[in-house]
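The values are calculated or read from the model by the stated rules, or taken from the named source; none is laboratory data. Everything numeric in this text was worked out from a predicted model, so none of it was measured. Here the Cβ positions follow ideal geometry from the backbone for every residue, glycine too, while neighbour counts run over all protein chains shown. Surface accessibility is based on the protein's heavy atoms, side chains included, excluding ligands, DNA and RNA. Shrake-Rupley method; radii C 1.70, N 1.55, O 1.52, S 1.80 Å.
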Amino acid sequence: GGSASPRSPRSDEGVDQKVARNMMKGQVLPQTFQEMFEMNAGMSGLRSLSWHREVLKSWENVVTNVANSYRLQEECETLTLRISKRVQGGKGEIKLSEFRSCMLAAMRSLLPKVWDTNYEVAWTWMWDNVAQMLQKNLTSPPTWEAELESTLGSFDETTRCNIRRDIYERFFQLCPAGQDYFKQSNTRLHYIMTKVIDMTLEILQDPWQVVEEISKLGLRHVGYGIPTEHIPHFVTASIEVFQKATDNRHSQEAFRWALGLISKILVRTILEGSTIVMKAVNANSCKLIQKALSCAPRNRRSEWVLTVQVGTQQISPLYWSISVGNLEAAQAIITDLLTIRADRERYYYGVDALFNAHEDIVTVLVEQAKTLVPTLFDGLVWRSRHSVDGFRRVNYYVKHVLVNSQGGLAGALQSLTSSKDQTLVSHPVICLVSESLWSGVVKRSFIMAKVGFVLSLIVFMLSQSILPKLDIETNRSLRIAILCGRIVNYVFSMTRMIVFHARRSAKAYRENHTFKILGLPVPAYLGGFFLFLNFMLMVLLIAMCIQEPMFWCIGTSGDDWPTGKCAAAQATDRGYTICSMIAMFIHWLLLIDMAVFSNKLSAFVLVVRYVLSEVGRFAFAMCFLLLTFGSGVTCLRHGKDEFRNVPTAAGCFLSITVGLYEGDFREYFDTPYLLITIFIFTTVAAVLLINLLIAQLNCSYDFVYADMVGFARLTRCTLIVETMQTCSPVRFARFVSTLKLDHRVEFDAGDVGLSGAIQVKEPASQIPVTKDQIARYGGICSGDMQWPADASLDEEDRFEKIEKLMESTFAKLAKLDKKVAGGGGSERADTKLSLSNDRGDSKLSSSKSADVSVSG
């Protein structure tokens, strides 16, 4: 019944007749009611089985709800639509008695020992009642569909708008409380009413798909907490307004019948889906969640908070609470799921159920409820309260954070790195996962990738900085070594970079991952610092290859080649050396990426990058002062060459600032205005600005220091995610097998616990644990039993009652004080007298009760 469009009766007939023939030949033995029914239908020679199959699909719902007339009528009306669509356009009439004959024959065959006349009468009576409900409107849906489609199509937009408005007005008259649930804007309300009206026609056109959509809508209304008693008023208002809008009797009947069926499905879905857990979620109450789950059986406690199933549709109370912002309820659900409970026979832990139902729970929390991520990760850690030799056992249940259901890398780490939140990646669970991946998979790949770069840097240094400074004029072997080194850089390093950037650029332009600089599209990957440096190094190597002096001297230096000194190479020598110098700098800057091997070193590099922004602000302020004072002193007539123009004056001021000025300030006594200006600049720049820079760097370092390890871990996690994208599944599976996540891990000595954990030992003083984190219970060890009631909930209820009693008492006293303050002296005296009498009466009653109790 969930298909988007009905299948052809001919195809159903062919499939069913083939199955029946196979059964009659003995190829397939009927084991179920449906198989036995199909065999009997095939033996009876029935030509059309398409509508029979629709009855078979709904047979369980029909039989199980035969005592519920309201639900049975809903199933029969839905079945009427499906049967009508199956035979629409076909030949012959629908004979409901055909199904009864095959049904009874199938039942007799399946239950030969217990079947008797009583069963015959009962099942015949049941089908006759169902057939009567089906026959009532079996031929009407085609007419209703055509008439309702024609009527809705004849309404112009003004008429539609008036109908929608009148429906809401009439609904608010019938049910004033409904206004509290329709508080959206008028455009949104008109949109909702348009969908409702269109749905009355769509359910006649495609009952399979629309019934599923109504079920989904009903489950969403469970989350909204919509009272079902308002729905009949809404249906009545809609029918009344629609009947006034058209005189077509068939359209009126179609709209009434379709809207009634929709309301029945909606109400039934809401009632079946309104579990005590969903009600607690709507209330966003942690206490109500705990009370609701106290009624759940032990082996189904996780199911109650992860799945609410109605028919073929389901909703997750956990996901719903997150999506609507009921984070208190969501936190209570996560905490309950990740609490380890145990009886004498088994442990109960909801981590597997949570990740099996919601594999992307970490991604959802990072995107929608980041404050709950630490709650989730804290629930994945168990710490023993017993320590041995100063260490305690710690179990990290990270199987689902590390491995997904397909055996690949889970998406948790990628979601966390995308969030750029250094506090989340610093959680012990993520630290363990990242360190395991780094040491087991990524470290080796990273080293292998960097070995080639380090060798390239060594060759580049030898051929550009070390060997050319030796006596190469008389040693031809050195010149050959230099040439070979440069050829290696050009052939291997430069070519590899060209291929890499060509592929990345082509992919970026193909997928439109670009950003614009001066109107030109630039690949987005060049926004990364190290990738941009790598691209610039490629450009410099290409420029060096073009200007290579030894290449320009080929054929011009005779037997002295290879050499870079010839007339042809003089024009390119300066540009070549400049490119070589910048390329050397970039080579060493790219080597900073290897700081990821040490988190502390990586953190230091990140701190340096962060405080460079403060240095940039200082440089901007210094340039401003140099230009200000440099242009100012040139306006004076002083005859000093150091300050004759703006560039020389600015350079002189800069040398004064950094302490490199070698002049004597006594020479400026004859120009006091210039000397005063120099002293002012020295005070502002050398004293104020430099000390301010030192203070800013100190504050920035203190600020970043608190999170620098987190930033370093974030950098390493980003590298891990990027590297794991190229890791082969076989290698990753081999790494996962070494973790033995499928083996059960002990809690304490001899206490074999749960699988999916990595056990480590940490210093006992690191995180003190004084209470067992496992909730252990005695008594009957049945999974169908509830866990014993939590005494803390009763204590909280008692405290809450006392708190409410005190609040009401204080409120009454406040009213009494206002009354006393507002009255005269006599009233005040009367009030005091009444209070004293009340106290006396209360004392007398208490003393009497005490005497009675003593005498008793």
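For the stretch 645-675, the tally of residues that are surrounded by fewer than 14 Cβ atoms within 10 Å (Cβ to Cβ) and over 60 Å from the mean Cα position of the chain (by Cα) stands at 11. Look at Leu714 and say whether it is of a type in the set (A, V, I, L, M, F, W, C), part of a loop (DSSP other than H, G, I, E, B) and within 28 Å of the chain's Cα centre (by Cα). In short, no. Take Thr726 and decide whether it is assigned to a loop (DSSP other than H, G, I, E, B) and either open to solvent by 70 Å² or more (accessible area, probe 1.4 Å) or on the phi > 0 side of the Ramachandran plot (or both). Taking the combined requirement at face value, the residue satisfies it. The residue pairs whose first member lies in the stretch 676-698 and is hydroxyl-bearing (Ser, Thr, Tyr), whose second member is open to solvent by 50 Å² or more (accessible area, probe 1.4 Å) and in a helix (DSSP H, G or I), and whose beta carbons are closer than 7 Å, counting only pairs six or more residues apart or on different chains, do not exist in this structure. One residue stands out among those in the stretch 132-147 that are polar (S, T, N, Q) and open to solvent by 50 Å² or more (accessible area, probe 1.4 Å): the one that is farthest from Phe99 (Cα to Cα), which is Thr143. With respect to (1) within 31 Å of the chain's Cα centre (by Cα); (2) modelled with pLDDT of 90 or more; (3) surrounded by fewer than 16 Cβ atoms within 10 Å (Cβ to Cβ), the lone exception for Asp247 is condition (1). One residue stands out in the stretch 357-399 among those that are in a helix (DSSP H, G or I) and touching a Gly at 6+ places or on another chain (Cβ under 8 Å): the one that is surrounded by the most Cβ atoms within 10 Å (Cβ to Cβ), namely Val362.
Set side by side, the residues Lys216, Lys264 differ, and just one is open to solvent by 20 Å² or more (accessible area, probe 1.4 Å), farther than 23 Å from Phe155 by Cβ, assigned to a helix (DSSP H, G or I) and in contact with a strand residue (DSSP E or B) (Cβ under 7 Å, 6 or more places away or on another chain), which is Lys216.
Within the stretch 599-617, residues that are in a helix (DSSP H, G or I) reach partners that are among the β-branched types (Val, Ile, Thr) and open to solvent by 50 Å² or more (accessible area, probe 1.4 Å) with beta carbons closer than 8 Å, at six or more positions or on different chains, in the pairs Asn599/Val709; Lys600/Val709; Ser602/Thr715; Ala603/Val709; Val605/Ile592; Leu606/Thr715. Whether a residue is in a helix (DSSP H, G or I), closer than 26 Å to Ala353 by Cβ, aliphatic (A, V, I, L, M) and in contact (Cβ under 8 Å) with a residue 24 or more places away in the chain was assessed, and Val736 passes this test. The set of residues from the stretch 753-775 being loosely packed, with under 11 Cβ neighbours inside 10 Å and outside any loop (DSSP other than H, G, I, E, B) comprises just one member, Pro763. If we scan the stretch 119-131, do we find a residue that is open to solvent by 80 Å² or more (accessible area, probe 1.4 Å) and either touching a residue at least 40 places away in the same chain (Cβ under 8 Å) or under 17 Å from Ile231 (Cα atoms) (or both)? No, the stretch 119-131 contains no residue that is open to solvent by 80 Å² or more (accessible area, probe 1.4 Å) and either touching a residue at least 40 places away in the same chain (Cβ under 8 Å) or under 17 Å from Ile231 (Cα atoms) (or both). Restricting attention to the stretch 93-111 and to residues that are among the charged types (D, E, K, R) and not in a helix (DSSP H, G or I), the residue that is surrounded by the fewest Cβ atoms within 10 Å (Cβ to Cβ) turns out to be Glu93.
Just to verify a result, which residue in the stretch 156-211, among those that are open to solvent by 30 Å² or more (accessible area, probe 1.4 Å), outside any helix (DSSP H, G or I) and touching a residue at least 12 places away in the same chain (Cβ under 8 Å), is nearest to Pro141 (Cα to Cα)? Here the answer is Asp206. Residues in the stretch 449-467 that are surrounded by 15 or more Cβ atoms within 10 Å (Cβ to Cβ) and more than 45 Å from the chain's Cα centre (by Cα): Val459, Phe460, Met461, Leu462, Ser463, Gln464, Leu467. Here the condition is being within 29 Å of Gly779 (Cα to Cα) and in contact with a helix residue (DSSP H, G or I) (Cβ under 7 Å, 6 or more places away or on another chain); of Ser302, Ser294, it holds for Ser302 alone.
On the stretch given as the stretch 295-313, residues that are open to solvent by 30 Å² or more (accessible area, probe 1.4 Å), in contact (Cβ under 8 Å) with a residue 60 or more places away in the chain, over 22 Å from Gln331 (Cβ atoms) and outside any helix (DSSP H, G or I) total 2. Count of the stretch 784-815 residues, restricted to those that are part of a loop (DSSP other than H, G, I, E, B) and either surrounded by 10 or more Cβ atoms within 10 Å (Cβ to Cβ) or at pLDDT below 75 (or both), is 5.
Scan the stretch 742-751 for residues that are under 14 Å from Tyr349 (Cα atoms) and either open to solvent by less than 70 Å² (accessible area, probe 1.4 Å) or modelled with pLDDT under 90 (or both) and the total you get is 2.
Could you list all residues from the stretch 364-397 that are among the aromatic types (Phe, Trp, Tyr) and touching a Lys or Arg at 6+ places or on another chain (Cβ under 6 Å)?
Phe391
Only one of the numbered conditions (1) in a helix (DSSP H, G or I); (2) of a type outside the set (Ser, Thr, Tyr); (3) without any contact (Cβ under 8 Å) to a residue 24 or more places away in the chain is violated by Val114, and that is (1). Residues that are of a type in the set (A, V, I, L, M) and modelled with pLDDT of 85 or more do not occur anywhere in the stretch 597-611. Evaluation of Val429 against the conditions (1) under 19 Å from Thr375 (Cα atoms); (2) assigned to a loop (DSSP other than H, G, I, E, B) shows that the sole unmet condition is (2).
Residue by residue, here is whether (1) open to solvent by 30 Å² or more (accessible area, probe 1.4 Å); (2) of a type in the set (Asp, Glu); (3) out of contact with any strand residue (DSSP E or B) (no Cβ under 8 Å at 6 or more places or on another chain); (4) assigned to a helix (DSSP H, G or I) holds:
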| residue | (1), (2), (3), (4) |
| --- | --- |
| Ile554 | yes, no, yes, no |
| Thr563 | no, no, yes, no |
| Thr572 | no, no, yes, yes |
| Thr577 | yes, no, yes, yes |
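The one condition from (1) touching a helix residue (DSSP H, G or I) at 6+ places or on another chain (Cβ under 9 Å); (2) farther than 21 Å from Gly564 by Cβ that Leu478 does not meet is (2). Residues in the stretch 400-445 that are farther than 17 Å from Thr726 by Cα and hydroxyl-bearing (Ser, Thr, Tyr): Ser405, Ser415, Thr417, Ser418, Ser419, Thr423, Ser426, Ser436.
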